[in-house]
Amino acid sequence: MARWSQYGCSVVQRAGRTLGVVALLTAIGCESEEQNLAAQKPGTIAPPASCAKSADCPAFDNTCLVPACTKGQCVAQLAKDGTPCDDGNLCNGADACAGGTCKAGDKALECSDGDACTGDTCNPKAGCVFAPLPSKCDDDQPCTVDVCAKGKCTNTAIDSATCDDGNECTVGDKCAAGKCTPGANKGCDDDNVCTTDSCDPDLGCIGKNNEAPCSDNDACTKGDECKDGECRAGKTVVSCDDGKPCTDDSCTKLKGCVNANTADGKACSDGDACTDGDACKAGTCSAGTALACGDSDVCTDDACDKAKGCTHANNTAKCEDGDVCSEGDACAAGKCAPGKAKNCDDANTCTSESCDPKSGCQLAATASPCDDANACTTGDACKDKACAAGAGKPDCDDKNPCTDDACDAKVGCTHTNNTATCDDGDAKTAGDVCAAGKCAGSIASDPTPTCATYCEAVTSACGTSGANAQYASLAECTSWCADLAMIFPGAAADKSGNTIGCRAYHAKLAKVDASSAATHCPHAGKTGGNMCGTWCENYCSLAQMNCMATLGFKNQGECMSTCNKAPVNSAVNDQTGYSVQCMIVQGGLAFNDPTICQSMTVVDGGIGKCKAPPKPQTVKVGTKNFAFDPADVTLNAGDSVEFALEAFHNAVEVDEATWMANGDTAKANGFKVEFGGTPTKVAFAKAGVYYYVCTPHVASKKMKGKITVK
């Protein structure tokens, strides 16, 4: 070993040992003469020998001292703190120099092999030691038996043993297949309605105060509420008033309201203002005697109202105001009001009437003109309150040779039609005779009537417009008459039959007596009015003259048989529609236009001008999903719409502008279907477009519809 002994002491280097500088020097007797290196700064100790460089200086056993050559002399210097070193103990961690001393590490050596079946230790010389153990080894599972054997850990499962699953909300946990299985849920109900009970897996049962309704077991309070975990009495006290005047009302905590009967005979009110002296009996208010409400006034109706008592309502009963000159007196506003003035008129024009309030009617004689009820006297006058007949007579001559004039006491002048011979002032007629109060004769100078005389007569007597008109003009009559006159002219005296003579005869009668025009003008017209020839005689004559090629009748019999199948209308001059009258009118026009002949065809429903109008139809409109169903409808004039709407919908006609703007202002005189769901039929006789809406939903749902009538 190398030694330093310059100062009579020695420093020994020992392998495997590390000593502090102070301890080392003290051990070799070098603590005197300021040779204590612990007090010396590095480089101040005189070297034992000279040197040229630090490598010439020997090393220390203490690796925390570093030899150095300074100015040709070897000196000791402290190693830098943190320099690794070895203190000879393997169990105290990583050693390091500090102040020239080798210090043990901050953290001891960890000796764990992760095997529960070994005992883990540390030997300062050898380091970690892992010796096998015959002891238990824990797998942290409460449901296994843990044993070390031959260096291995065995964990055997145990079943049915009690355990704890770590959840405070379960009870009766049991082992199963080596695992702790949760038991039943822990019951946390603390029987306190004022706590909301729950369970926390870590804390167990928790009772949280609530403000739920509760009962404080006092029947005389209500509205009890929980507060601070307790049931507190409500602020409202139970009212035990049963509204009965004959009970004493109280309240006890256990029973609540008690309503005991009061003493019999106690005054009370039975709630009926029409009884008096009511009194309690067996807890009930018994009615007293009936209240007398009569006020002896004929103009009031006396009654009793259970709530108000006696009432005296004004009436309109008959009464007497004490004045005999008024009658029908009646009550008004509680008083007897005079009626109308007494009628003292004795229906005698020969008296003057007046009335005295006390004695009544007064009648005085007059000398005024009067009527003795005999229409055949004139100049009647009153005498002694009676009507005396005058000496005059009425003039009943009406200057008409066709009436017999006379006087009837009840009706006065009478003018009875006669059949005397007369003169109608027309030189063309002969054999004039009175008829219907008029003088009429046959056409004397025209035994074969012509269209000219006929048409002049019918257009002048029946006119060319109005209800009695048969032709729109003289020219129309002349055109229609031309072909008929060639085949059936007839005679001037014809009163019936399909001839011009018959038509002219009735035209003359209509002219002589205008009041008979409604009767005679249809006979004088195109169709003959079923007088101048039957309907079918007229039809067949026109068919023969104008339309035989189109209609193809073989003979008169076939034509008449076919015609009889056509419907007859009440209007004699139908221009359109399926009727024999229309066919006659169109047959006359066919003389100038043969294409019209098809309108004379007798076929169900007719064709051409005489086609029957379509039968009126009814279309149903309902509502579905806030819309009219159907919303748009097309009809023919005369058809109807039956609205069958849901009860909360209606239909109101509006004008087009309102309809387009989704408004709901009703159109004046428009149709309206009310709410309620009752089916309502609306007829549309006139062509046009009709707009309607549902007023509750037109803005929000745009619920509207349109009806087009052709």
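We did not get these values from a lab; they are worked out from the coordinates using the rules stated. These numbers come from a predicted model, not from an experiment. Don't worry about glycine lacking a Cβ; one is built from the backbone with ideal geometry, like all the others, and counts go over all protein chains shown.
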If amide H atoms are modeled at 1.01 Å from N in the peptide plane, then the residues at a separation of 5 or more from ALA98, or on another chain, having amide H under 5 Å from its own are GLY82, LYS103
With a Förster distance of 25 angstrom and the Cβ-Cβ distance between ASP397 and ASP371, calculated FRET efficiency to the nearest 0.05 equals 0.65
For the stretch 362-367, Karplus-derived ³J(HN,Hα) couplings (6.51, -1.76, 1.60; θ = phi - 60°; whole Hz; x for glycine and proline) come out as 10, 10, 10, 6, 10, 10
Given the candidates GLY525, GLY72, SER515, the one whose Cα lies deepest towards the positive end of the charge dipole of the chain, counting +1 at each Lys or Arg C-beta and -1 at each Asp or Glu C-beta, is GLY72
The simple spin-label model distance between LEU203 and ALA307, using points 7 Å out along Cα→Cβ, in nm, is 6.1
Among trypsin sites (Lys or Arg not before Pro) in the stretch 225-267, those in a DSSP loop whose Cβ has at most 12 other Cβ atoms within 10 Å are LYS235, LYS253, LYS255
For LYS526, LYS80, ascending order of other Cβ atoms within 10 Å (fewest first) is LYS80, LYS526
Simple spin-label estimate for THR419/ASP629, 7 Å along Cα→Cβ, in nm, reads 7.6
When CYS462, CYS226 are arranged by how many other beta-carbons sit within 10 Å of their Cβ, fewest first, they go CYS226, CYS462
Expected vector for the stretch 659-665, Karplus 3J(HN,Hα) from phi with 6.51, -1.76, 1.60 and θ = phi - 60°, integer Hz, x for Gly and Pro, equals 5, 5, 8, 6, x, 9, 6
Taking placed amide H atoms and a strict 5 Å upper bound, the residues 5 or more places from GLY309 or on another chain that come that close are ALA273
Under 5 Å from the placed amide H of SER352, counting only residues 5+ away or on other chains, we find ALA364, ALA365, THR366
Per its Cα gyration tensor (rounded if a/c is under 1.5, else prolate when a/b beats b/c, else oblate), the stretch 618-709 is best filed as oblate
Phi-derived 3J(HN,Hα) across the stretch 117-132 with the Karplus relation (6.51, -1.76, 1.60, θ = phi - 60°), rounded Hz, x for Gly and Pro, is 9, 10, x, 8, 9, 10, 9, x, 8, 9, x, 5, 10, 10, 9, x
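Please express the shape of the chain as an equivalent ellipsoid: the semi-axes are the square roots of 5 times the eigenvalues of the C-alpha gyration tensor, given largest first in whole angstrom. All intermediate terms of the calculation are to be shown ahead of the outcome.
Details: eigenvalues 4129, 718, 163 Å².
Working from the Cα gyration tensor, I get semi-axes of 144, 60, 29 Å.
In what order do HIS520, HIS649 fall by count of nearby beta-carbon atoms within 10 Å, going from fewest to most? Show your work: numbers first, answer last.
Working: HIS520 25, HIS649 21.
Listed from fewest to most nearby Cβ atoms, that is HIS649, HIS520.
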For the chain, the longest principal axis of the Cα atoms and the Cα long axis of helix 500-512 enclose an angle in degrees, to the nearest 10, of 90
Placing each pseudo-label 7 Å from Cα in the direction of the beta carbon, ASN217 and SER640 end up separated by a distance in nanometres of 7.9
Between the alpha carbon centres of the stretch 149-170 and the stretch 174-188 the gap in Å comes to 12
Any trypsin sites (Lys or Arg not before Pro) in the stretch 318-388 that lie in a DSSP loop and have at most 12 other Cβ atoms within 10 Å would be LYS358
Nearest 10, in degrees from 0 to 90: the angle of helix 580-589 to the longest Cα principal axis of the chain is 80
Of all GluC sites (Glu not before Pro) in the stretch 294-388, the ones in DSSP coil with at most 16 other Cβ atoms within 10 Å are GLU320
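Find how much the distance from GLN141 to ALA571 grows on full extension, using 0.36 nm per residue of separation minus their present alpha carbon separation; answer in nm with one decimal.
Values: separation 430, 0.36 × 430 = 154.80 nm, distance 11.73 nm.
Difference between extended and current length: 143.1 nm.
Kindly flag which residue pairs out of LYS611/LYS667; LYS615/LYS701; LYS511/LYS686; LYS281/LYS306 have an alpha-carbon separation exceeding 27 Å in this structure. Walk me through the numbers before you get to the answer.
Working: LYS611/LYS667 36 Å; LYS615/LYS701 36 Å; LYS511/LYS686 38 Å; LYS281/LYS306 21 Å.
The pairs that break the limit, which is 27 Å between Cα atoms, are LYS611/LYS667; LYS615/LYS701; LYS511/LYS686.
What does the helix-only formula give at 222 nm for the chain: each DSSP H stretch with n ≥ 4 adding -39500 (n - 2.57), the total divided by the residues, and the result rounded to the nearest 500 deg cm²/dmol? Before the final figure, lay out the partial values.
Numbers: 10 runs with 92 residues, N = 710.
After summing the helix terms and dividing by residue count, I get -3500 deg cm²/dmol.
What's the extension gain from LYS681 to ASN155 if we count 0.36 nm per residue and subtract their Cα-Cα distance?
Values: separation 526, 0.36 × 526 = 189.36 nm, distance 9.53 nm.
Full extension from LYS681 to ASN155 adds 179.8 nm.
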